[in-house]
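These notes are about the structure you will find just below.
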Amino acid sequence: MSEPFEPKIVAFVCTYCTYAGADLAGTSRMKYASNVRIVRLPCTGRISPMFILKALQKGADGVLVSGCHPGDCHFAQGNYHARRRWTVFRALLSFTGIPEERIKFSWISAAEGAKFAELINGVTEEIRSLGPFEQYQELQKIIETQSTY
Amino acid sequence: MAKIGVFVCHCGENIASMVETAKLVSTIADHPGVEISTEYKYFCSDPGQETVKKAIREHNLTGVVVAACSPRMHEQTFRKACAEAGLNPYMLEMANIREHCSWVHTDKKEATDKAIEITRSLVEKVKRNNDLQPISVPVTRRAMVIGGGVAGIQAALDIASAGREVVLVEREPSIGGHMAQLSETFPTLDCSQCILTPRMVEAIQHPNITVMTYSEVEEVDGYIGNFSVKVRKKARYVKMETCTGCGDCIQKCPVKKIPSEFECSLGNRTAIYTPFAQAVPNVPVIDRSRCTYFKNGKCGICKKTCQIDSIDFDQQDIIETLEVGAIVVATGFQVQDTSGYGEYGYGRYKDVITGLHFERLASASGPTAGKILRPSDGKEPQTVVFIQCAGSRDVSKGVRYCSRICCMYTSKHAMLYAHKVHEGVSQIFYMDIRAAGKGYDEFTRRAIEEDKAGYIRGRVSKVYEENGKLIVRGADTLLGRQVEVQADMVVLATAMVPQHDAKDFAKKIGISYDEYGFYNEAHLKLRPVESSTAGIYLAGACQSPKDIPDSVAQASAAAAKVLGLFSKEHLEREPVVAMVTESTCAGCWGCATACPYNAIDHRDINDRNGNLIKRVASVNPGLCQGCGTCVSFCRSNSIDLAGFTEKQIFAEVMAL
Ligand SMILES: Cc1cc2nc3c(=O)[nH]c(=O)nc-3n(C[C@H](O)[C@H](O)[C@H](O)COP(=O)(O)OP(=O)(O)OC[C@H]3O[C@@H](n4cnc5c(N)ncnc54)[C@H](O)[C@@H]3O)c2cc1C
Ligand code: SF4
Ligand code: SF4
């Protein structure tokens, strides 16, 4: 048997809730899988779908988006906008052939350190079972036409 | 060329025991753009910070990455160090290799690899950081207090006494709020009017306070330090400037049978009236809907009576726009409408009343001159039953919370009743007695021990009439049986609920509220007097049910926050705000509709002759909170967020 596949997962999180929740998991010394890399943003409202495509293009096997609980956003409605956008974005994903299961959405508050640790373990396990993501070449085209960077 | 310094902290053993810092340092040293990479036991310590500063100066660093704890811990520390060494403080990023790495992983190799990737991606980000300057906004050092109850009066007096101007806006003809209606107040039983009236007078006479009664806020524009508020001054039909408050007009007005709102309809008022004798200002208003002159042009007796010609039937509402830097919302509460309480007979039986009615009956200046007389026949009731939690803590009535004051005022009512009707019997149905507060438990004890208040633990299921007596049927859960008590009068301790228009008002001024309509504080524990909107503060019962001591304490706290804001002429804010690239902006306003803070406006670009070339989006940095929602909405990449630009984040992702 070969070594088990270790997925790479990029997480886009808001600084007020989920990032703080991850900090809490740390200060509580909870242990979880090391596969996730966090990108800190002010609010989930800032997370553009292009970030997700970029991460997948760069070789991430999965993407996690996590912010404050609905109705609990530091920025009044940012996460509400984010949620609406994801609904549309999901449709686009399946259209481009990226399986929806590669992208996870969740809401984690600053108080939910344990939930954060569980989430990371859960997501890592799920993406691991999906295996490596190899369709990113196809994404190249989309990204080149849409992004200036 | 980027010259980045990377400083890897051991945090004692906290990081170094799981992450191989030497490997991290050497790997990052080879990364393009990294000028110096080094490690130390505690970079947050004084010698640690000195090392960073020295490196910035010696190597002319253009950016710094501190690989250590969470930015929520020490970002400010290192920003300050950068600034002291002459580097723009926003050229710093923190790589969180403690909370997000060494503390949560158990495999050294995995942790080290992860730490390298985290640090590398932030090096890539910091290379694209820009020099930013904190945003400075001027502050209009004048406050508006909305609501002239005891909370609003206190906040206004505190701000004014510290030397700042205040506009106090009250929608009723007089300030005073609910406290003006109360008889005596727990836990000291001092007369409410006696302690409140002097404060009302102080407020109206204070040189720094402008009191606007019979006025309502129509619109709030602007942002912290710079609000512009439109206030409607409703027509009083009495000239404020000349009226002396002699009251001749009130005496002569022939329309006398209007149920008085202030007296909870236990007494009447005229069409031209002041809500109560000690009203401040003591200038009457004409109730247009009841006045004969406004109905058919006849009467005008008040005008003929007034010796100084202060009646003016032609007055119109006036809209005034006021510039203020801070707003204190102190709009108070109302008692729950008990019409949903068919089983308690409210509205059906005249002698089933609310606690507020009881206050008016017990008040020396009330409709019965302080005698406890029942509304139906004016007789002195020999037994009074009080029902606590009438509405509160009752899911079926839509109020899950405890109103906090009813246990106390019911004890007070039983005491006042005992003091006035010596042979009277009081029975109180209660769920628990909640008397937490200075002198509060002692107070309820006194009601039981000295004033013979009879407490029955249990809920009331029904109040009905039999042979001219009210019968209260309920459970006595301590004795485990049903009880029926005869009563001459029943007093419901109805729930304290938000003002009927609380939600609409919140939307008008842009603050958030809970499921009931009480206004949300920025943080329940740590920022209890700030609303969710910067520059708008909360005081009193509009935030949650409160008694007078708590309302006053919160009002003084809100005043302190306002004065803190007013302590400087300018306000400094984090420069994380959106900015528009005008050359590419297509003027689609996608960003403007997305912005939850209405921070995006139009801006016209004109040529030299003043002809419009195009219209672009323009961000008001005072209003922008830096959420970045607009950025992800822009289809032409024309709007970006300082500190979290598209370039920065893409670079960060690419390096992971
Ligand atoms: C029956 C009863 C007995 C009580 N007994 C006691 C007691 O013995 N001891 C004690 O400590 N507490 C007692 N309380 C509680 C006390 O009444 C409150 O704590 C206090 O009144 C709260 O003050 P406030 O200023 O927050 O609100 P309020 O007194 O409600 O004042 C709010 C003011 O804002 C005005 N307003 C509302 N909306 C607007 C608007 N949109 N624009 C302009 N103005 C507006 C209102 O007209 C009002 O004047 C009792 C309460 C009740 C109901
Ligand atoms: S004009 Fe109106 S307010 Fe004046 S006395 Fe007549 S009814 Fe009263
Ligand atoms: S960053 Fe947020 S608050 Fe600022 S303009 Fe954009 S959407 Fe509005």
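The values are calculated or read from the model by the stated rules, or taken from the named source; none is laboratory data. In this text, all values refer to a predicted model and were calculated from it rather than measured experimentally. Every residue, glycine among them, receives a Cβ derived from its backbone with ideal geometry; neighbour counts consider all protein chains shown. All accessible areas refer to the heavy atoms of the entire protein, side chains included, with ligands and DNA or RNA removed. Shrake-Rupley method; radii C 1.70, N 1.55, O 1.52, S 1.80 Å.
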Mean other chain Cβ within 10 Å across A:8-21 is 2
By the Cα gyration tensor axes a ≥ b ≥ c (a/c under 1.5 gives rounded; else a/b larger than b/c gives prolate, otherwise oblate), the shape of the stretch B:505-587 is oblate
Taking Lys and Arg as +1 and Asp and Glu as -1, residues besides residue A:131 with C-beta under 13 Å from its C-beta add up to -3
In nanometres, the difference between 0.36 nm per residue of separation and the alpha-carbon distance of residue B:240 and residue B:194 is 14.0 nm
What helix-only [θ] at 222 nm does the protein assembly as shown give? Using -39500 (n - 2.57) per DSSP H run of at least 4, over all residues, to the nearest 500, the answer is -9000 deg cm²/dmol
Here the stretch B:228-241 yields Karplus 3J(HN,Hα) values (6.51, -1.76, 1.60; θ = phi - 60°; whole Hz; Gly and Pro given as x) of 10, 10, 8, 10, 8, 8, 5, 5, 8, 6, 10, 6, 4, 5
For the residue B:523, residue A:125 Cβ pair and Förster radius 22 Å, calculated FRET efficiency rounded to 0.05 is 0.05
For the table A:58/B:647; A:8/B:127; B:80/B:125, the rows whose alpha-carbon distance is greater than 22 Å are A:8/B:127
Scalar couplings 3J(HN,Hα) for the stretch B:119-134 by Karplus 6.51 cos²θ - 1.76 cosθ + 1.60 (θ = phi - 60°), nearest whole Hz, x for Gly and Pro, are 5, 4, 5, 6, 4, 5, 5, 5, 4, 9, 5, 10, 4, 10, 10, x
Once accessible area is computed for B alone, A alone and the pair with a 1.4 Å probe, the total buried surface, to the nearest 100 Å², works out to 3900
The protein assembly as shown: Kirkwood hydrodynamic radius (Cα pairs, Å) comes out at 30.8
A 1.4 Å probe over the protein heavy atoms gives the protein assembly as shown a carbon and sulfur accessible-area percentage of 50
By the Cα gyration tensor axes a ≥ b ≥ c (a/c under 1.5 gives rounded; else a/b larger than b/c gives prolate, otherwise oblate), the shape of chain B is prolate
Which residues qualify? For residue A:62, with a placed amide H closer than 5 Å and at least 5 residues away or on another chain, they are A:8, A:10
Per-residue accessible area, 1.4 Å probe, largest first, puts B:287, B:46 in the order B:46, B:287
Mean Cβ-within-10 Å packing, highest first, puts peptides B:478-488, A:108-118, B:595-605 in the order A:108-118, B:595-605, B:478-488
Longest principal axis of chain B (C-alpha) makes with the long axis of helix B:150-161 (C-alpha) an angle, in degrees to the nearest 10, of 60
Rounded to the nearest 10 degrees, the helix B:440-449 long axis (Cα) sits at an angle to the longest Cα principal axis of chain B of 30
Sorted by chain and then number, the residues having a modelled amide H within less than 5 Å of the amide H of residue B:67, at least 5 places away or on another chain, are B:7, B:8, B:9, B:95
Mean other chain Cβ within 10 Å across B:103-111 is 4
Charge tally for neighbours of residue B:410 with beta carbon under 15 Å away, counting Lys, Arg as +1 and Asp, Glu as -1, is +3
The simple spin-label model distance between residue B:609 and residue B:400, using points 7 Å out along Cα→Cβ, in nm, is 6.7
Subtracting the Cα-Cα distance of residue B:501 and residue B:42 from 0.36 nm times their residue separation yields 159.7 nm
If the chain between residue B:337 and residue B:57 were fully extended at 0.36 nm per residue, the gain over the current Cα-Cα distance would be 93.8 nm
For the pair residue B:307 and residue B:218, the simple spin-label estimate (label points 7 Å beyond Cα toward Cβ) gives in nm 3.7
Bridge orientation stat for chain B from DSSP, antiparallel percent rounded to 5, came to 55
Under 5 Å from the placed amide H of residue B:222, counting only residues 5+ away or on other chains, we find B:228
With a Förster distance of 51 angstrom and the Cβ-Cβ distance between residue B:515 and residue B:80, calculated FRET efficiency to the nearest 0.05 equals 0.75
Share (percent) of C-alpha pair distances in the stretch B:1-103 greater than 15 Å works out to 57
For chain B, the longest principal axis of the Cα atoms and the Cα long axis of helix B:548-565 enclose an angle in degrees, to the nearest 10, of 40
Shielding of B:644-655 by other chains, given as the mean Cβ count within 10 Å, works out to 6
Magnitude of the Cβ-charge dipole (Lys and Arg +1, Asp and Glu -1) of the stretch B:235-316 about the Cα centre, nearest 20 debye, reported as 380
For the stretch B:422-428, in residue order, the Karplus 3J(HN,Hα) values (coefficients 6.51, -1.76, 1.60; θ = phi - 60°; whole Hz; Gly and Pro = x) are 4, 8, x, 10, 10, 10, 10
Restricting to lysines and to Cα separations under 30 Å from residue B:233, and discarding same-chain partners fewer than 8 apart, the set is B:252, B:256, B:257, B:295, B:298, B:303, B:304, B:503, B:507, B:508, B:546, B:561
Taking a crude spin-label model, label points 7 Å out from Cα along the C-beta direction, the residue B:251 to residue B:476 distance in nm is 5.5
